[in-house]
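The values are calculated or read from the model by the stated rules, or taken from the named source; none is laboratory data. The structure presented is a predicted model; accordingly, all values stated were derived computationally and were not measured. Cβ: placed from backbone, ideal geometry, glycine included. Neighbour counts: every protein chain shown. When the accessible area is computed, the model is the full protein with side chains, heavy atoms only, and any ligands, DNA or RNA have been set aside. Shrake-Rupley method; radii C 1.70, N 1.55, O 1.52, S 1.80 Å.
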Amino acid sequence: MRRRDLLKLTFTAAPILLLPASSALPQRKRYAMLIDVERCYGCMACVAACAAENNVPIGVFRTWVERYVRKDGNVVFVPKQCNHCENPPCVKPCPTGATFKREDGLVLINDEICIGCGACIQACPYGARFPNPVKGVADKCTFCEHRLANGLLPACVEACPTTARIFGDLNDSESEISKIVESSNVQVLKVWAHTEPKIYYKSLPTEADL
Amino acid sequence: MSLSAPLFPNELAEPILWHPVIFAYALVISGADLIILASLAYISRRMMKAIPLLLVLGVSFFSAALLGPLADLRQPSRASLIYSLAHLFPTATNPGFSFIALYANLWLLLLILSIAFLLIYQSYPMHLKSLEGGRLKSLYKVFSLGVSDGERYRRLASLITVIAILTIIPAVLWGVYPSVLLVFQTWIFLWRSWVILPVIFFADTFVASTAAALLVYFIIKLGKLDQEVVSPLLKIHSAGCVSVTGLLGVQLLLWNQWFEESALYPAFNVVVPIIYFVIATLLLSFLLALASLKVPRLSIIVSIVALVGVVMNKWNTLVNGQLISRTGMGLFDLHLPTDWLLTTISPIAAAILIFVILSSLFPLEVKEVGK
């Protein structure tokens, strides 16, 4: 390469290199889920879909639905699962780093290096983790990351007949979840635990926040 | 609105996630406190006669310490990953650090230091033992580390002092384990509300370690006890008993203050009656220890009573603590795995076996120390 060509290339490339990283790279995703409690009627389709999609053993749950009875006799159903916290208390005690937080906010488990010590299970304030009796490692909701990689929604979201579960990218201002979280009054579980959950609720009964 | 689901379903599947073997583990950890006592005795040149016993017993117990959690792993074949992939420093994907990884590494460090302490401390006594002859003469010679005269041994005193000082920090940190893990890195309702648990554990392991030392000393001496060995151990034991009972009382008052009006208060009934029992037992051990200063042979009762209190306290904290739901609103029934007793006894049995082997090699009374 001649010196003149090199200088030309340098001056052409410089403005591109000086661009802020955010405009040069695609925006990072931040996955979250919104659960509208008023729309859930406790059909357990999400629980069944999750168990089938992820081969969850009998007796343990990646997602479950809690039932509360109002004084007037009306029943409220509250689906729960891993909150994929921004500040996940389960990641810290993991001795081998098997539990980790991905760039898109998903809190996942590397089955290959989990030693099954149970520290992460004891550290989760939401009871969302469990020892998988078949695999002998910690287990929990993954937001169906294998489906997300193929452009699909989590199984529980797809199975919900009343669209009580809405899933999306919080960093995409055009996404439905972003608009609802921005515009309406949403709640999270155990605010006092400072975990910054990414499962948001609409119309959450106070009693469900144990 | 009434509540119909106060428990998390995954908790119901296996409420006692950390099996009773963790409780045996907490007892074996008292080896760390025996090492602290041996180190302090060497540095301060007090209780010199008790050092060999404290050191051999401490190394034996502490070397078996990790067998407990190893037995509790669902993937024990991957245990070495705690060292090769230790989560000790925060990164973007793995924020924070793991107490389990930290303590596994500290265990190795403390084990190496305490074995070095034991070997160098026992070098000249082992030389003297090799001179007595016998079938293991050549083995004793190896353990003498080439120290064949008193002058050379005296020159090693400063090195032993440095090692003794170095062992104190990891041993003190081990003295509060696993309480720091329970309080700071779990979300079990009882443990999160037991804020002074690390201090209680630290004092409690002194009670357990001195009780174990007194018991072993009584057995090996067949009741012919040396006041110079027994008295300091009894004094430390008494201080430990008073500290634990006081701290348990403070914790009961704190719970009363914080939760008396709350719907969560009934959950504490799982642990509170046993705490009263532990307080009574340790106070009895304290009173017996005072009497034992005059009548040393009573020390065996002191140690047995204290060990009953310590065992109850650990069981109460570690096993009963897990019976309270994460929500604090519900209680589980105690269902233990069928082989729990054998698994629980194994680490303690391993520690005793190591002690038997080490005590047959190293003398538990060293006459030449400090001379």
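Over the protein assembly as shown, accessible surface divided per residue gives 45 Å², non-protein components excluded, 1.4 Å probe.
Per residue, chain A reaches -6500 deg cm²/dmol at 222 nm when only DSSP H runs of four or more residues are counted, each adding -39500 (n - 2.57).
Using the Cβ-Cβ distance between residue A:134 and residue B:257 with R0 = 56 Å, the FRET efficiency computed as 1/(1 + (r/R0)^6) comes to roughly 0.80.
Look at where the Cα atoms of the range A:40-98 and of the range B:308-363 average out, and the two centres are 32 Å apart. For residue A:102 and residue A:152, a Förster radius of 22 Å and the Cβ-Cβ distance give a FRET efficiency of 0.80, rounded to the nearest 0.05. Full extension of the segment from residue B:224 to residue B:105, taken as 0.36 nm per residue of separation minus the current Cα-Cα distance, would add 38.8 nm. Ordering of B:167-175, B:124-132 by packing is B:167-175, B:124-132, highest average first (other Cβ atoms within 10 Å, averaged per residue).
Using the Cβ-Cβ distance between residue B:168 and residue B:136 with R0 set to 41 Å, the FRET efficiency works out to roughly 0.80. Adding -39500 (n - 2.57) for every DSSP H run of four residues or longer, then dividing by how many residues chain B holds, sets the calculated 222 nm ellipticity at -21500 deg cm²/dmol. Loop-located GluC sites (Glu not before Pro) in the range A:40-124 (DSSP state other than H, G, I, E, B) with a sparse environment of at most 14 neighbouring Cβ atoms within 10 Å: A:103, A:112.
Burial here means at least 20 square angstrom less accessible surface with every protein chain in place than with the chain by itself, probed at 1.4 Å; in the range A:123-141 the buried residues are A:123, A:125, A:127, A:131, A:136.
Taking the range B:24-127, which trypsin sites (Lys or Arg not before Pro) meet the DSSP loop condition and have no more than 13 other C-beta atoms within 10 Å? Taking the range B:24-127 and a limit of 13 other Cβ atoms within 10 Å, the loop trypsin sites (Lys or Arg not before Pro) found are B:45, B:46.
Within the protein assembly as shown, what whole-number % of the accessible surface is contributed by carbon and sulfur, with the 1.4 Å probe and all protein chains included in the calculation?
64
In the range B:317-340, burial by the other protein chains removes 50 Å² or more of 1.4 Å probe accessible surface, compared with the chain on its own, from B:326. Remark: accessible area buried at the B-A interface is about 3800 Å², both chains counted, probe radius 1.4 Å. Listed by number, the DSSP H helices of chain B that run 18 Å or longer by alpha-carbon position along their axis and have mean Kyte hydropathy of at least 1.6 are B:99-121, B:157-175, B:197-221, B:272-292, B:340-361.
Relative contact order (percent) for chain B, with alpha-carbon contacts under 8 angstrom and 6 or more residues of separation?
28
When chain B is treated as a Gaussian network with alpha carbon springs shorter than 10 Å, the biggest mean-square fluctuation among B:350, B:71, B:263 belongs to B:263.
Under 1.5 on a/c is rounded, so check that first for the range B:227-371, then, if it is not, pick prolate when a/b is larger than b/c and oblate when it is not; a ≥ b ≥ c are the square roots of the alpha carbon gyration tensor eigenvalues.
Since a/c reaches 1.5 but b/c is at least a/b, the shape of the range B:227-371 is classed as oblate.
Compared with the dominant Cα axis of chain A, that is its longest principal axis, helix A:3-18 is turned about 30°. A prolate overall shape is assigned to chain A, the ratio a/c of its alpha-carbon gyration tensor axes (a ≥ b ≥ c) being 1.5 or greater and a/b exceeding b/c. The slack between residue B:304 and residue B:12, meaning 0.36 nm per residue of separation minus the straight C-alpha distance, is 101.5 nm. Taking label positions 7 Å along the Cα-Cβ direction at both residue B:339 and residue A:45, the computed distance is 4.5 nm, reported to one decimal. Taking Cα atoms, how many degrees apart are the long axis of helix A:45-54 and the longest axis of chain A, rounded to 10 and kept between 0 and 90? Approximately 50 degrees, to the nearest 10. Average projection, convex hull of the Cα set of the protein assembly as shown: 36.9 square nanometres.
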